[in-house]
Ligand SMILES: O=CC(=O)O
């Protein structure tokens, strides 16, 4: 047990139980219990208190801070929350999740600290979730379930607009993938097996051997030729509202849109207009701009079953979170051994 290099943890692993029990044996870890914590201010105070207690007792300061999945309600994990740690020598942070738009990585770099995400943990679950939403958007699945449970079966032909519409088969449709990282590639492999034609846009073309049958095209070509568009890129300043009024106007009429990345990549006001005008047929959103608040336009009764909403759960499977917790442990071990962690997203001067 290395008392001289202690670690602070927010909560505990919930899936990699035995592996994390071994971590608790390997290192000296203080845990901030999650019970009673509801927001960023609570965690900010708990971190400051933990650092102050350690300093007051004359013990060595924390060198690392980790948190797990399901902690989005505490974000952002930035200077405001973490400064007491870096001021006292903490040089490693890692949290559950592929995206890290809610983590102050630039600030961490300037403090000489690593940030490690869990880059491939949710790849399969999110790609499966994207395919699930593509199928749900192209087939009237939500409406069918609600009707069946309500005893309406396929609806009443005598009432205008009441019948469930026919579904559309995705075979032969063109899928445009925006963002060809690990999730985009995994989605391409799945969609290819369903007989879709694949195109993608990315900051740059990726090696052909990794394209999984997708063809690199400009954003304008993707917008103009896709029957289904899937958003799979990270949220950055350059992708915020990447799909807005101008982009919707370039799309095919009747396009289906799916977003399993981050809500703010789509301008929701523009999306609602595009749904109302019929430009967009149906949309499947696992993410929205101001989670957990839903833009009232998306809940407009006139759009009814054409807006499929999920509570940011496509990546959330037991297998994915287990893998992710193992990735946090791997990064922590590498840092504690004095190595550059493989999953570091930044390059601080250490
Ligand atoms: O949205 C989930 C993630 O980024 O891991």
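Within the range 179-228, the residues that satisfy the criterion of being surrounded by 20 or more Cβ atoms within 10 Å (Cβ to Cβ), out of contact with any helix residue (DSSP H, G or I) (no Cβ under 7 Å at 6 or more places or on another chain) and not in a loop (DSSP other than H, G, I, E, B) are 184, 188, 222. The single residue among 105, 138, 142 that is within 16 Å of the ligand (Cβ to nearest atom), crowded, with 18+ Cβ neighbours inside 10 Å and in contact (Cβ under 8 Å) with a residue 60 or more places away in the chain turns out to be 105. Taking the range 76-98 as the range and being within 16 Å of the ligand (Cβ to nearest atom) and surrounded by 18 or more Cβ atoms within 10 Å (Cβ to Cβ) as the test, the residues that pass are 77, 93, 94, 95, 96, 97, 98.
Look at residue 248 and say whether it is in contact with a strand residue (DSSP E or B) (Cβ under 6 Å, 6 or more places away or on another chain) and either under 24 Å from residue 182 (Cα atoms) or buried (at least 19 other Cβ atoms within 10 Å of the Cβ) (or both). Considered against the rule, which asks whether it is in contact with a strand residue (DSSP E or B) (Cβ under 6 Å, 6 or more places away or on another chain) and either under 24 Å from residue 182 (Cα atoms) or buried (at least 19 other Cβ atoms within 10 Å of the Cβ) (or both), residue 248 comes out as no.
Regarding residue 3, is this residue modelled with pLDDT under 95, out of contact with any helix residue (DSSP H, G or I) (no Cβ under 8 Å at 6 or more places or on another chain) and at negative phi? When the stated conditions are applied, residue 3 passes them. Within the range 57-79, can one find any residue that is farther than 27 Å from residue 326 by Cα, assigned to a helix (DSSP H, G or I) and either in contact with a helix residue (DSSP H, G or I) (Cβ under 7 Å, 6 or more places away or on another chain) or at pLDDT 95 or above (or both)? No, the range 57-79 contains no residue that is farther than 27 Å from residue 326 by Cα, assigned to a helix (DSSP H, G or I) and either in contact with a helix residue (DSSP H, G or I) (Cβ under 7 Å, 6 or more places away or on another chain) or at pLDDT 95 or above (or both).
Anything in the range 1-49 that is more than 25 Å from the chain's Cα centre (by Cα) and in a strand (DSSP E or B)? List them, or say none. Correct list: 2, 3, 4, 5, 6, 7, 27, 28, 29, 30, 31. Name the pairs whose Cβ atoms lie under 7 Å apart, with the first residue in the range 17-46 and surrounded by 18 or more Cβ atoms within 10 Å (Cβ to Cβ), the second at pLDDT below 95, and 6 or more positions between them or separate chains? Final answer for the pair search is 27/2. With respect to the stated conditions, residue 73 is within 16 Å of the ligand (Cβ to nearest atom) and over 20 Å from residue 331 (Cβ atoms). Search the range 108-118 for residues being part of a loop (DSSP other than H, G, I, E, B) and more than 9 Å from the ligand (Cβ to nearest atom), and hand back the single one that is surrounded by the fewest Cβ atoms within 10 Å (Cβ to Cβ). Here the residue is 112.
The values are calculated or read from the model by the stated rules, or taken from the named source; none is laboratory data. This one's a predicted model, so the numbers in the text were calculated from it and none came from an experiment. Cβ: placed from backbone, ideal geometry, glycine included. Neighbour counts: every protein chain shown.
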